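To keep things clear, I will list the structure first and then write my remarks on it.
Here, each number is a calculation from the coordinates, and none is a lab measurement. These figures come from a predicted structure and were not determined experimentally. Cβ coordinates were reconstructed from backbone atoms using ideal geometry, including for glycine residues, and neighbour counts include every protein chain displayed.
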């Protein structure tokens, strides 16, 4: 298989490091507007706010408000769908103060259907000059209770219900609209005031996605798994480059999210434990230790956040198959000799790598083989053995000291 030069790995990691460094600056630049380069004056800016409020997203919202104030815009509407925040309370307070004190009205619409504004994200709704919710959405009330759209309107948590962002905007103060006949013959309001939609630019969107709990966790463990795989292959290949990139991105995500450092350490320890048994080609004690630390580290990784059962299922099944079955088989195949014409091995001398009791691993002519001792007495690691038979991919061995003499080939 063709291998990439080792410089490719350094270039990939350097590129990711530059991306991490430039992401905050990119977050400050609003995404491309739906109206093209010539944005109209007297418009309403709609800013899409989706996902946990992390540093990238908070900075993007703050700068979007600043940009709206610097333009001849009517107002800014935050299209909100967030389950909370992973930034400090001080940063949330600063953002809500900016919303309240902005020179242009800042409105918040929770939508579309299925969206939410929970915990810290609900503070943006409370701070807004005007607020609304689509049917099928949820918001956290000041008393901590979660309300649907009808309950929120009745309790005064939001100003009104609005099924779409367009119907919400037409009710904004100063927003111009006209009445036209709809497709069903009923009169409906059509916006006249231009609306410009913005969202996170691509580099910032990447870092925002990486900082989500499931993505950060999967990137981190997949990266470590690929790096571990690369240790047992010759040279530096695609797996090493992809693994390093995944590890860097996952580490960034875990640094942003509220994680337990000791849980991260358990995940790292599990990979070292997997590696001990992988190099012998046979899952044993250290594989059990690795699985235990991996499960505990995963379940306790986040403080206040949880992973979905789908993420856990994919992780546990994937790591189990890869580390218990796939990687040991790959190592045996990588360092083994061809499977045809191995009769020459009978009588060869070797050394025990992992205790043969009754199964283990031996090294014969610099190749690792699964082995089975042909007697009840185990053979410890480091002892010399002789190959006396072959059963499929398993060698039958016996210790040199105290071995029974084979008279079948005795000269007559």
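Structural remarks
- For peptides 108-121, 163-176, 218-231, sequence by mean Cβ density within 10 Å, most packed first: 108-121, 218-231, 163-176
- Sorting the segments 258-269, 181-192 by their mean number of nearby beta carbons within 10 angstrom, highest to lowest, gives 258-269, 181-192.
- Extending 7 Å from Cα along the Cβ direction at residue 374 and again at residue 351 yields two label points whose distance is 2.4 nm.
- The packing ranking, built from the mean of other Cβ atoms within 10 Å per residue, places the peptides 47-60, 138-151 in the order 47-60, 138-151, highest first.
- For region 100-152 versus region 172-205, the gap between their alpha-carbon centres in whole angstrom: 20
- Cβ-derived FRET efficiency at R0 22 Å, residue 209 paired with residue 231, nearest 0.05: 0.15
- Per-residue Cβ neighbour rank within 10 angstrom, fewest leading, 207, 330, 133, 271: 330, 271, 207, 133
- Considering only region 343-399, percent of DSSP beta bridges that pair antiparallel, nearest 5: 85
- Gyration tensor verdict on region 30-200 (Cα atoms; rounded if a/c is under 1.5, prolate if a/b is larger than b/c, oblate otherwise): oblate
- Spacing of the two label points (7 Å from each Cα toward its C-beta) at residue 316 and residue 363, in nm: 3.7
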